[in-house]
Amino acid sequence: MMEFTVNYKINNQIKIFESISDLSKFIGIFWKENTENLPGEKFYSIALSGGNTPLKIFQFLSKDFNETIEWNKIHFFWGDERCVPPTDNDSNYKLAKDFLLDNININAQNIFRIKGEVDPKEEAESYSNTLIKNLATENSLPKFDFVMLGLGEDGHTASIFPNQIDLFHSTNYCEVAEHPTSGQKRITITGSIINNSDTVAFVVVGKSKAARVFEIMNNKESSNQYPASLVCPRNGKLFWLLDKKSASMI
Ligand code: 6PG
């Protein structure tokens, strides 16, 4: 696995991979190492992201880590969801179900999806309660062990878009967001949850993201408008898992 690591800020690491397979392998090894010695009823909580990038990661993990990870030691959640039914091809839950969850040995009760088919405001509140009920607590907030995040070409992450950057600072754990061009309603976790996580991993591939990665890594003035630039786990680790194209400007 070809990679090299650049340490920047404390606890933050940029890892640049030859391929998305190598990037996926890193995630698989990280999840394996963080689940294999969990005692008894303990579990490892992961919030998945959506969009296109995770698809290849899910395919790789369900093939190459199928028997390697104790999947029932993991509880899967989502960092955001489109307000569509779970059968809709736009659903982040469906993406994970089709390419990961249906192909690994994991119990249904380990899966906590955001219900995109119900009233968005009601689900934002309901999912906040799901987080309270099913996650550990740190700093009096629900705490994920691992949050996977993507990076939009506009600098958005989860479903917090630049024109709604204030949602990142909401005191609510989940908010209703709206895609700036399609108007599609989304449910998203907010910065209070993201930055309370033990590990946050941006997974970013492709040349189209290179400029945003450069601006954020170099704290450029322009990056202040990007919600992704606000991700800074209070006590946790932050990984930027990149390929050579998305890292081509740093
Ligand atoms: C979503 C995602 C979103 C995504 C970025 C990057 O629901 O769409 O959570 O934040 O991660 O838009 O998407 P790509 O991987 O498709 O570039």
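Rule-based calculations on the coordinates, nothing more; no lab input. From a predicted model like this one, the values you see are computed outputs, not experimental measurements. With ideal geometry, Cβ positions are generated from the backbone for all residues, glycine too; neighbour counts draw on all protein chains shown.
Observations on the model:
- For the peptides 47-59, 176-188, the ranking by mean Cβ contacts within 10 Å, running from highest to lowest, is 47-59, 176-188.
- Ordering 232, 83 from the fewest to the most neighbouring beta carbons within 10 Å gives 232, 83.
- Arranged from fewest to most other beta-carbon atoms within 10 Å of their beta carbon, 243, 64 become 64, 243.
- Amide hydrogen proximity for residue 239: with H placed 1.01 Å from N in the peptide plane, the residues at 5 or more positions away or on another chain lying under 5 Å are 13, 200, 201, 202.
- Spatially close lysines, pair count over segment 124-250: Cα under 23 Å, gap of eight or more or interchain: 12
- Using equal-weight Cα scatterers in the Debye expression, the normalised intensity of segment 87-161 in log10 at q = 0.20, 0.23 Å⁻¹ is -1.23, -1.42.
- Ranked by how many other Cβ atoms sit within 10 Å of their own Cβ, fewest first, the residues 144, 99 fall in the order 99, 144.
- Pairwise centroid distance, computed over Cα atoms, of segment 163-203 with segment 95-162, Å: 11
- Net dipole in debye of segment 90-199 [+1 Lys, Arg Cβ; -1 Asp, Glu Cβ; about Cα centre; nearest 20]: 240
- Residues whose amide H comes within less than 5 Å of that of residue 44, counting only those at least five positions distant or on another chain, are 74, 75 (H built at 1.01 Å from N in the peptide plane).
- Each Lys and Arg adds +1 at its Cβ and each Asp and Glu adds -1 at its Cβ; summed about the Cα centre, segment 70-136 shows a dipole of about 240 debye.
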